[in-house]
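Bear in mind that the values in this text are calculations on the coordinates, not laboratory data. Keep in mind that this is a model prediction, so the values were computed, not measured. Using ideal geometry, Cβ is built from the backbone for each residue, glycine included, and neighbour counts are taken over all protein chains shown.
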Amino acid sequence: MKIIQEKEYHVDVQFVLSFNWNTGGGGFGFNCDEQGNVDLGAMNEVARKNYLDCVSGAIKVHRVGVERFENRWTSPRIGLCNVCGEEVYLDRFTNTCECGIDYNMSGQQLADRSQWGWETGETVADILSVDSEPPVYQEPTPLDEFDF
Ligand SMILES: [Zn+2]
């Protein structure tokens, strides 16, 4: 199997300029850079109006400042199937291509399932139960303007 992407660890960092209601109970947040500069052109109309109202004092909020958020996630190793050429995500103990060929996490092709367990007396179901807990991936989620 040819590996076309190694497993990678990612850290997405976002900065949000926050304003809270003077009366408490949440406020507004706007995507910004590390210094708190916002991109007015990237905002939708409602967000832009909210931002300008926050800055001008048209609404009763106070500036909290720039908050930093980190989103950590992992992308799996991916290989191309030896038989059909399809991409196979190597994120489990056993990884099966659409064509039925199995690979381990390293991308090594496994013996046909009819041969599994002959030396240990296990069934294919016993062996595959190792994969009963799916891996947890946390996809990055964009942080938009929010009211909280
Ligand atoms: Zn295949």
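Output needed: Cys residues of the chain lacking any neighbouring Cys C-beta below 4.7 Å, sorted by number.
Cys32, Cys54
In the stretch 11-73, what percentage of the DSSP-assigned beta bridges are antiparallel, given to the nearest 5? Write out the running numbers ahead of the final one.
Numbers: 17 of 17 bridges.
Close to 100 percent.
For a label point 7 Å from the Cα of Cys99 along Cα→C-beta, name the residues of the stretch 1-42 whose backbone N is under 16 Å from it.
The answer is 1-4.
Which whole-angstrom value gives the distance between the alpha carbon centres of the stretch 89-127 and the stretch 1-42?
Their Cα centres are 41 Å away from one another.
Loop-only GluC sites (Glu not before Pro) in the stretch 1-97, please: DSSP not H, G, I, E or B, and at most 15 other Cβ atoms within 10 Å.
Values: sites: Glu6, Glu8, Glu34, Glu45, Glu67, Glu70, Glu86, Glu87; in loops: Glu6, Glu34, Glu86.
Answer by residue number: Glu6, Glu34, Glu86.
Give me D for the stretch 78-131 in µm² s⁻¹, whole number, from Stokes-Einstein with Rh from the Kirkwood sum over alpha-carbon pairs, 10 °C and 1.306 mPa s.
On the way: Rh = 11.5 Å.
In µm²/s, the coefficient is 138.
What residues from the stretch 1-30 fall in the zone where the backbone N is under 16 Å from a label point 7 Å along the Cα-to-C-beta line of Val124?
It comes to no residues whatsoever.
Give me the Kirkwood hydrodynamic radius of the chain, using the inverse of the mean 1/r over all pairs of distinct Cα atoms, in Å to one decimal. Don't jump to the answer; show the numbers that get you there.
Values: mean 1/r = 0.0515 Å⁻¹.
Final number for the Kirkwood radius of the chain is 19.4 Å.
Angle between the Cα long axis of helix 45-56 and the longest principal axis of the chain, 0 to 90 degrees, nearest 10?
50
Below 19 Å, Cα to Cα, which lysines can Lys60 reach? Residues fewer than 8 away in the same chain don't count.
Once the sequence-local lysines are set aside, what remains near Lys60 is Lys49.
Residues of the stretch 1-23 with backbone nitrogen within less than 20 Å of a virtual label 7 Å along the Cα-to-Cβ line of Ser75, please, listed as ranges.
Zone members listed by number: 2-14.
Please compute the modelled spin-label separation between Gln35 and Glu87, points set 7 Å along Cα→Cβ, answer in nm with one decimal.
Using points 7 Å along Cα→Cβ, the separation is 3.8 nm.
Just from its helices, what would the mean residue ellipticity at 222 nm be for the chain, if runs of 4 or more DSSP H residues each count -39500 (n - 2.57) and the sum is divided by every residue, rounded to the nearest 500 deg cm²/dmol? Walk me through the numbers before you get to the answer.
Values: 2 runs with 17 residues, N = 148.
It comes out at -3000 deg cm²/dmol, rounded to the nearest 500.
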